[in-house]
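The values are calculated or read from the model by the stated rules, or taken from the named source; none is laboratory data. Fair warning: this is a prediction, and the values are worked out from it, not measured in the lab. Cβ coordinates were reconstructed from backbone atoms using ideal geometry, including for glycine residues, and neighbour counts include every protein chain displayed. The accessibility values were calculated without ligands, DNA or RNA, using every heavy atom of the protein model including side chains. Shrake-Rupley method; radii C 1.70, N 1.55, O 1.52, S 1.80 Å.
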Amino acid sequence: MWHENIDHANVINRTKTTMRQTLLRLPTRNSVWAFRASRPAQIASTRRSFASEASPSPEVYDVVVVGGGPVGLTLAASLGAARTTSHLKVALIEGMDLAPIRNWSPKPDYFANRIVSLIPSTVRLLKEIGAWKHIQQNRVQSYDGMQVWDGMTGARVEFDWNKLWGGKDEQTDTTIAHMVENIHLSHGLLKAIGDLAVQPTMIDKTKVERIQYGEMTGQLDMRDWPVVTLSTGQQLAARLLIGADGGNSPVRTFAGIESRGWDYDRHSMVATFKIEDDSAFPKFAYQRFLPSGPVAILPLPGNFANLAWSTTPEKVTHLKSLAPEDFVAMVNAAFRLSYTDIDYLHNLKSGVVEETKWRESVTQHPDPPQIPVRITEVLDGTRASFPLKMRHADKYIAERIALVGDAAHTIHPMAGQGLNSGIGDVYSLVKSLAEGIRHGQDVGSSFTLEPFQSERYLPNNALLGFVDKLHTLYGFESGPLVPLRSLGVEIINRDWFGLKRFLMSQAAKS
Amino acid sequence: MAASTTCLRCLRSRALPAASNRAFSVLNRPPPNYPGHVPLTGPERLFLAAGSALMSFIDPRRGDMIALLGETTAQPFFITRLRDTMLRHPTGRRILRARPRITSQSLSLPRLRSLPPNTIGATYVAWLDREGVSPDTRADVRYIDDEECAYVMQRYRECHDFYHAITGLPIVREGEIALKAFEFANTGLPMTGLSVFSALTVKADERERLLKVYLPWAVRNGMQAESVLNVYWEEELETDVGEMRERLGIEVPPDLRTARAEARRRKRDGKTTTTTATTAAAGTAPTGDETAKVETEAERAEREQLEIERKAMEILEQADKM
C-alpha cells in the first residue's frame, strides 16, 4: 500500500498534466463539487490578492498547524515536501522556543532521556521528506529482536530472527525499530523544514490565546473559518486548522470534539543508563510485564540504554528519590527478581544494593541475552516521569479542522506506537489533502478530510484497544488469566502455525 | 562456614538451567541443587505423594511418611507462595537471609529451662520434656527443587514444636489433627490439609470434639493469625507466650488434655450410679492425685495404651535419628 501511494514525486510526475487539466476543467465538469465548495473555491483562486488587500488582521493561511512537537513538525515538513501540497501557505505555532532544538548538537557520552522508537514505515516517510539525512546515524540504534516476558510466570516471547526456524530472510530488512532521541528527531525535522523551497511560517515562543470563527468582512465570508489569535495579538485565519497540540488539544476543544478514555493511574519513569559491555550480544529491546506495569530497556548506541518503567505514581516518586546506586540496583532487580521482591524493594529507602545482591544470589533468572546486561550507572538528571492515559477522540475531523497525533489519540507507551501512529496520521492526512487538491477541492472541506479519518480511525482504535487490553491482562497477579496468558505466549513463541514469523515480518514491514 | 556453603550453592543453582536443557528422566537425573537434594521426575513425585499419603493414613505415627508427603505435594505452587509470604515480611526476610536451623546445639535447652515459666522458651522446653521429644528429631528436606523453598520447608518443620508450644495442643492424635488444620489455614501447605482427613480414623467422640471445637478454632485462628513462619523463634524465647499469641492473633484453644480427662470422667459417671466428683475443677488440669483416686479400669487401660504409644514414638524417633 505504501509503495503505491507515498511515492508522491512519482505519482505527481505521472499525473501532473492530467491534474492541471482536471483543475482547469473542474467548475464545469465536476459541477456538484464545484457548487458544494463554491465559496472556498472562489477564495482559493484569488487567495493571495485577498490576503494582502484585506484588513491587517487576520492573515489568511491555507494550513495552520498548532503544535511544534515531532508530529507537527513532520506535518509541516511533509506538506512542504509533497509536490501537490508544497504551494500551500502554511503556518506552524509552537509555545516553546524552537531555537535550542534547531541549534542542538550531540553531547558525546550522553543521551537524552526522552527516546522514541521509529518503526520502518515512519523512517521511510522521514527519508522521503528529507529529514532522515539530517539524523546522525551514529546516534541511532536499530534493533531486530525483542525479548518480552511475563513477570509472574516467566512465559516469554523471543523475537529473535536467529532463533527462528529458517533463520533470517536475506531479502527483507528485519529491523523492528530505530531508537532516536526526541530532540534529535525534532532537530532533523527542523533542518528538513529549513531545506524547503516554500518555507512555512514558523511562529515559536507564542501561545494560542484563543480560537474563534471569523467574521463577514466586505469581501470575505469567514464565518466558518477558524481564526487563531496568538499571545502576540497576531491573528491567523485558517482554511484548515490542524491540531497537533497534544493530549489537552485546544484545537479539539474548539471543534467541540469529545475525547474519551481513562487514566491508568500509572506513570512512566524514564532514565538513561550506562551499561556493561554488551558487544557479545545482539542489541535487543527488553520488556518484562509486572502486575504494576511493564518495565522496558531499550538499546542505544554504544554502552548506553534507556529505561521506560510504567508503574504507580507512588512507586515512581520512590524510584526518583533513591540514591543513584540504589536506583541502578532497583532497575537491575526489575529484570531479575520475583515480583514479590520488587514490591518489597519499593519500600526500602536505602540499602537496595545490598538487598538485591542477596536476592539475586538465591533467585534463578535467565542470563543475557535473554535479559538485558547489567546497567552500571544512571546519567545525571535523566530521571523523569509522565502520567499515562488512554484517550480517543470521537472523530479526527470537522469542517476546516483536523486532529493528528496525541490530539486525536493518546496510547499507553508499552508498544512504542504513540509517535508512530501520529506520523501515520500525518502521512494519511497529507495524502488526503493532495488528493483533494488534485480534484480541485478546498483543503479545509470535510470531503477532502474524510479519507484521512476513514483510513486512520479504525487502525488507531484497534491499536489503542489492543494495548489497553494487554495492560489489563498483565495487571493480574494471580487468577485464571495468568496461566491462560502464559499459554498464549507459549503458543506464539513456539511459532505454531507460523504465527511468530508472521508477526515478526509484519513488524519489520509495517 | 555458612557463607562458603551458600556460595557453592549459588554456583550450583546457576549451573542448573544448562543441565536441565537435556531431557530429564530416571536415567538422566540432573545434579542436585543443594546438598541432599534429590531431583524427581513428575511420575516419581506422583508415586511418592500417593504412597506416602496412603502410608500416613494407615499409620499416622510414620513421621517420615508425613514429611515425604509434605515435600512431594508442596511443589510447585504452595511452597513458593509460602516463601513469598515470608519475603513480604521484614522478619520473614531476615530468616530467609540468615537461614537459622533449630537443633539442640543452636538452642541451649538448659538455659531455656531456667527462663520464667510463662516465656516461649520455657513453655517450649517444658513441652519438649513433657512429650519426651527433642529438636533434633526433624529430617532434612530432599525433594524440593528450589534451594530457598527447601529451606522454607525445613523451617516450617523445625518450628512445628513451637506451634505446639504456643497453641498448647498436645501430641496425641487429636491434638496433632487440630494443629495440622491450624497450619493448613495458616501456611496453605497441602500436606497439613490432607492430614486433617485422619480425623476419619479417630474415635467417634474425639471426632465429634474435633468437628465441634478444634477444627473451627483452627480454621478461624489459622486464617486470621499472622503467618507463623514470620516469627524469629530464636529471638522470641524470652517473650511472654500470651504476648506472642496476642501479637500473632491466636486465641488459646480449650485445653485438650483437660477436655479429654473430663470426657472420660463423664463417660465413667454415666456408667456408674455414683453421683460424686461431678464438680471436677473445670478448666484446670487434674492433678496426679485426683486422677489416681478416680481412675477406673477403662481409664487405666487407656493410660497404659498411651504409655505404650509414647514408648513406640520414642523408639521410632530414635530410629529416625540413626
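Between A:A323 and A:D195, how high is the FRET efficiency from 1/(1 + (r/R0)^6) when r is the Cβ-Cβ distance and R₀ = 56 Å? Nearest 0.05.
0.75
How far is it, in nm, from the label point at A:F502 to the one at B:D140 when both lie 7 Å from their Cα along the line to the Cβ?
The two pseudo-label positions are separated by 5.3 nm.
Work out the mean other chain Cβ neighbour count within 10 Å for the residues of B:147-156 and drop it here as an integer.
Details: counts 2, 4, 0, 0, 1, 0, 0, 0, 0, 0.
Average per residue, whole number: 1.
Run the numbers for A:T376 and A:E477: contour at 0.36 nm per residue of separation, minus the present Cα-Cα distance, in nm.
33.4 nm
For region B:155-262, state which chymotrypsin sites (Phe, Trp or Tyr not before Pro) are in a DSSP loop and have at most 16 other beta carbons lying within 10 Å of their beta carbon.
B:Y232
How far is the Cα center of region A:337-373 from the Cα center of region A:431-480, in Å?
For region A:337-373 versus region A:431-480, the Cα centre distance is 40 Å.
Using the Karplus curve 6.51 cos²θ - 1.76 cosθ + 1.60 with θ = phi - 60°, work out ³J(HN,Hα) for each residue of region B:121-129 in order, rounded to whole Hz, and write x for Gly and Pro.
3J(HN,Hα) across region B:121-129, in whole Hz: x, 5, 4, 4, 6, 4, 5, 4, 5.
Return the subset of A:K163/A:K357; A:K89/A:K191; A:K107/A:K191 for which the Cα-Cα distance in this structure is over 22 Å, preserving the input order.
Over 22 Å Cα-Cα: A:K163/A:K357.
Could you rank the peptides A:183-192, A:391-400 by their average count of other C-beta atoms within 10 Å per residue, with the highest value first?
A:183-192, A:391-400
Using a 10 Å cut-off around each Cβ of peptide A:354-360, what is the average number of partner chain Cβ atoms that fall inside?
So the per-residue partner count for this stretch is 2.
Which FRET efficiency value, to the nearest 0.05, is calculated for A:D173 and A:E435 with the Förster distance at 25 angstrom and r the Cβ-Cβ distance? Can you show the working numbers first?
Details: r = 29 Å, r/R0 = 1.15.
In this case the efficiency is close to 0.30.
Contact order normalised by length for region A:230-346, with contacts defined as Cα pairs under 8 Å and 6 or more residues apart; what percent is it?
In percent, rounded to a whole number, it is 20.
Distance from the Cα centre of region B:74-100 to that of region B:24-67, in angstrom?
After rounding, the separation between the Cα centres reads 22 Å.
If you find the alpha carbon centre of region A:277-313 and of region A:125-154, how far apart are they in angstrom?
Using only Cα atoms to place each centre, the spacing works out to 13 Å.
Return the FRET efficiency for the residue pair A:W358, B:T239: r is the Cβ-Cβ distance, R0 is 35 Å, and the value is rounded to the nearest 0.05. Walk me through the intermediate numbers first.
On the way: r = 27 Å, r/R0 = 0.77.
Calculated transfer efficiency: 0.80.
Would you pull out the residues with amide H under 5 Å of A:G145's amide H, same chain only if 5 or more places away, H placed 1.01 Å from N?
It is A:I176, A:A285, by chain and number.
Over the Cα atoms of region B:36-254, Rg to Rh with Kirkwood Rh, two decimal places?
0.94
Hey, can you rank A:261-274, A:401-414, A:236-249, A:327-340 by average C-beta count inside 10 Å, highest first?
Output ranking for A:261-274, A:401-414, A:236-249, A:327-340: A:401-414, A:236-249, A:327-340, A:261-274.
Arranged from highest to lowest average of other beta-carbon atoms within 10 Å per residue, in what order do the peptides A:201-210, A:80-89, A:421-430 appear?
Result, highest mean first: A:421-430, A:80-89, A:201-210.
Largest first, how would A:I211, B:I177 line up by accessible area (1.4 Å probe)?
Result, largest first: A:I211, B:I177.
Translational diffusion coefficient, Stokes-Einstein: compute it for the protein assembly as shown using the Kirkwood radius over C-alpha pairs as Rh, at 10 °C and 1.306 mPa s, and state it as an integer in µm² s⁻¹.
Rounded to a whole number, D works out at 49 µm²/s.
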